[in-house]
Amino acid sequence: MTFSARGLRRTLAPDAVPGAHALHTRIVAKIVDAVGAMKGPAAAASLRASGLEALHTVLDPLDVGPLRDRVLDCLREDLLRFAARIGRTVLGWHDDFYIDDYLILRVNFPYAVARAADGAAENPGIGRLSPSVRAAAAARRVRDPRYDPRGYHRNHPPAAWAHGPHVDSWTGHSKDGINVWWAISDVPADAGMVLYPSVTPTDVACDPRSLYVRSGYALPPPAFVPLAAGELLVFDPELLHGTHLNVSAQTRVAVSLRLNERRPAFDPDCFYAREFWRRASDVVAGRSTVLHLKREEHLAARAPAPARPPAAAPTVTVAPGDDATAVALGPASLLAEGERFTAAMGDRRVLVLRTPSGVHAFDAACPHYGIDLSDGGAQGETLACPGCAVGFDVRTGGSASPCLTLTTYPVREADGTLYLDLVPVPC
Ligand SMILES: [Fe+2]
């Protein structure tokens, strides 16, 4: 079976691609060697004993960029050859095809560590181009004044950034690529990719401020993708996907590769493009030729606007009574199980949601990037942030991260009316 068709995704065991196991072993060894060269033999020995999941105990977030340079400079051609093998043996592409020259070594420290990183430490999702084209790429760098990732991430250091839901063509990648996301360390569900397989680009719109999905689109609960070290996720990146903020206690390490069956073309609505590509035939033959596919000469047709506009959960404006400690929200029948609304009281916005256990109320903004939780998918008693995918227990406000807790408020029902107590539940 091939999966060049759109919309598909599949997890592969390490032995599903010839040479995967050996290359995975080399990547791990190269990372350990690089740590040894940067931090000394004791750090390398510690990592060897504890696994890459302990990388944050021997490296500072500022060291991740130099680590990336060492590993990708050394393994670049091997990784590209591996991508060529995936195209041939997994995707079943018989004609020549294209491989993105931009390789990513993703190193996501636990959030509790990354949030305290120096602002100069690299974003976990940064990649590297071949040295021969880096100057050309830098000369092509452009900026859309609307794009404000620092504002979106609410001034978190880039080392603590997590990808919100997006499709890759929104972020400058080719329109019809296939992504390979390779777990180098173990990747638990609360540190890995999240997919929204039922959502396609025709359902939602891109926010030019973040290049992630615009607020106002209700998302389903995310599908998690835990992977054992060495496993690969191969997927269509035009399905909505993102990164679960790493709220685990371990570093997760992954490698990303991208292939295109045909000549890459780019979304005309994105201000930049990943323009540097290799031909599979060149890679296999050992030729280091890098093609420069200039964005303006390789634009795809503009995608139609989503069929439906964003429609945020209803907002009910309420005014506190004289004692200012409780407000009437309206008839309890207003809210069936699974339904929600936002209660707006001046500057304060509280999300009210009925789950199987009853009606719950909590701050409508995620305590992480401040994203409006009313778009998040709920399952049972858990509401997922529509940005960082962290799940909050709506009964307690708690999440897997002690750093991220929602303020909750008591809700009571009397004579068929819902009342919100404005004094938060003590933590
Ligand atoms: Fe992506």
Taking only pairs six or more apart or across chains, which ones have beta-carbon atoms under 8 Å, a first residue in the range 121-133 that is touching a residue at least 60 places away in the same chain (Cβ under 8 Å), and a second residue that is in a loop (DSSP other than H, G, I, E, B) and open to solvent by 60 Å² or more (accessible area, probe 1.4 Å)?
-> ALA121/ASP60; SER130/SER288; SER132/SER288
Residues of the range 138-147 satisfying the condition of being more than 24 Å from the chain's Cα centre (by Cα) and in contact (Cβ under 8 Å) with a residue 40 or more places away in the chain = ARG140
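Tell me yes or no: at least one residue of the range 60-69 is among the basic types (Lys, Arg), assigned by TED's automatic domain parsing to the domain that holds VAL180, open to solvent by 60 Å² or more (accessible area, probe 1.4 Å) and in a helix (DSSP H, G or I).
no
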Confirm whether ALA162 is modelled with pLDDT under 95 and open to solvent by less than 20 Å² (accessible area, probe 1.4 Å).
-> yes
Quick one: which of VAL199, VAL204, VAL253 is of a type in the set (Val, Ile, Thr) and at pLDDT 95 or above?
-> VAL253
Where PHE392 falls short, out of the listed (1) open to solvent by 50 Å² or more (accessible area, probe 1.4 Å); (2) modelled with pLDDT of 90 or more; (3) not β-branched (Val, Ile, Thr) = (1)
State whether one or more residues within the range 283-290 are open to solvent by less than 10 Å² (accessible area, probe 1.4 Å) and either within 16 Å of the ligand (Cβ to nearest atom) or of a type outside the set (Gly, Ala, Ser) (or both).
-> yes
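Here's the yes/no breakdown for (1) closer than 19 Å to PHE109 by Cα; (2) away from the ligand (no atom under 16 Å from the Cβ); (3) touching a helix residue (DSSP H, G or I) at 6+ places or on another chain (Cβ under 6 Å):
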position	(1), (2), (3)
VAL234	no, no, no
THR243	yes, no, no
ARG258	no, no, no
TRP277	no, yes, no
Of the conditions (1) open to solvent by less than 50 Å² (accessible area, probe 1.4 Å); (2) away from the ligand (no atom under 16 Å from the Cβ), the single one that VAL142 does not satisfy is (1)
Need at least 1 residues that are within 21 Å of ALA300 (Cβ to Cβ) per element, so show me which strands (runs of 3 or more DSSP E) inside the range 152-240 make the cut, counting only ones lying wholly within it.
-> 177-183, 232-235
Could you tell me whether any residue of the range 127-139 is under 24 Å from LEU240 (Cα atoms) and either open to solvent by less than 20 Å² (accessible area, probe 1.4 Å) or within 16 Å of the ligand (Cβ to nearest atom) (or both)?
-> yes
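So which residues in the range 303-314 are modelled with pLDDT of 80 or more and either within 30 Å of PHE266 (Cα to Cα) or surrounded by 14 or more Cβ atoms within 10 Å (Cβ to Cβ) (or both), if there are any at all?
Going through the range 303-314, the residues modelled with pLDDT of 80 or more turn out to be 303-306, 314.
Within the range 303-314, ALA303, PRO304, ALA305, PRO306 qualify.
Each row is one residue, and each column tells you yes or no for (1) surrounded by 19 or more Cβ atoms within 10 Å (Cβ to Cβ); (2) within 13 Å of the ligand (Cβ to nearest atom); (3) polar (S, T, N, Q).
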residue	(1), (2), (3)
ARG146	no, no, no
TYR152	yes, no, no
ASP168	yes, yes, no
GLY172	no, yes, no
TRP181	yes, yes, no
ASP190	yes, no, no
TYR196	yes, yes, no
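The values are calculated or read from the model by the stated rules, or taken from the named source; none is laboratory data. Only a predicted model underlies this, so the values are computations on that prediction, with no experimental measurement involved. So basically every Cβ, Gly included, is an ideal-geometry build from the backbone, and we count neighbours across all protein chains shown. Just the protein is used for accessible areas: all its heavy atoms, side chains included, with ligands, DNA and RNA removed. Shrake-Rupley method; radii C 1.70, N 1.55, O 1.52, S 1.80 Å.
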